[in-house]
Amino acid sequence: MNSRQLKDLLDEKYLKFNRADFIIDDPVGIPHRFTLKQDIEIAGFFAAILAWGNRRSIINSCNKLLQHMDNSPFEFIQHHSPKDLKSLEKFVHRTFNSTDLLFLIEVFKEIYSKYPSLEKLFAPEKGDKNVKTGLINFHDFCFSLSYAPARSKKHIATPAKKSACKRLNMYLRWMVRKDNHGVDFDIWENIKTSQLICPLDVHVQRVAIHLGLLNNEKNNWANAEELTKQLKQFDNADPVKYDFALFGMGIENFIQKKQVFL
């Protein structure tokens, strides 16, 4: 398969999976329930952070969380009472528990007391080629707070620790990209689509290796950057749109069903 054929394949799969009906059974559908920017940001963040394991389980956990917030997450963040927080003390999704949840609620309250949007904490610095610095800054802000629990570091990844930051990169894709297909939101203005990094999970990684876009199985920041670099040869301005293609091919067992020789 030559470069032209690979681009055609990726474009075909991108269009197949970047559809509004895709959100029904995907965590990205959670923030689509809201119209207020801050509600979308908060619901999207929790949907992304909880996005590991079975997708139905992820969605169920998000539903429970938002119900505890009276389905008004921004209002809850700003005006919750101690009694409101008490109702969250038994929340758990895999290894994410109430300690992590209550910490993030206080983080968001602090951010919104200073800024109108979470974007401020994620925005790259001037001249940055991608979102690496923004992700590091968000992590460092969270854990500079006096009440930050050490255990929550495993849920807020950072490139400084060589993490691929899969869930946070997915969250940034949701907030930044726009293509009128009804999945991503385009509610953030200070991060360019060309600065996004492709979310690297096991599905994406396996397909990327099969297609010759990666040459090793390391799940780290360097590989996430390398994959994005390879995808830029097909769309320099919006390489992360191919996350739809790679993830979609992964969940439809593309490797097993169809042999591609490069």
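Here is how the numbers come out for the structure above:
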quantity	calculated
Whole-number percent relative contact order across the stretch 1-149, with pairs defined as alpha carbons under 8 Å at least 6 apart	15 percent
Mean residue ellipticity (222 nm) of the chain, computed from DSSP H runs ≥ 4 via -39,500 (n - 2.57), nearest 500	-14500 deg cm²/dmol
Rounded to 10°, Cα long-axis angle of helix 55-68 versus longest principal axis of the chain	20 degrees
Integer Hz, Karplus 6.51/-1.76/1.60 couplings in order for the stretch 19-29, x for Gly and Pro	9, 4, 6, 5, 6, 4, 10, 10, x, 5, x
Gyration tensor (alpha-carbon) shape descriptor, the stretch 165-262, a/c threshold 1.5	prolate
Sparsely packed chymotrypsin sites (Phe, Trp or Tyr not before Pro) within the stretch 72-163, loop by DSSP, other Cβ within 10 Å at most 11	Y147
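Read the figures in this text as sums done on the coordinates, not as results from a lab. Remember, predicted model here, so these are calculated numbers, not experimental data. Quick reminder, even Gly has a Cβ in these numbers, built from the backbone with ideal geometry, and neighbours come from all protein chains shown.
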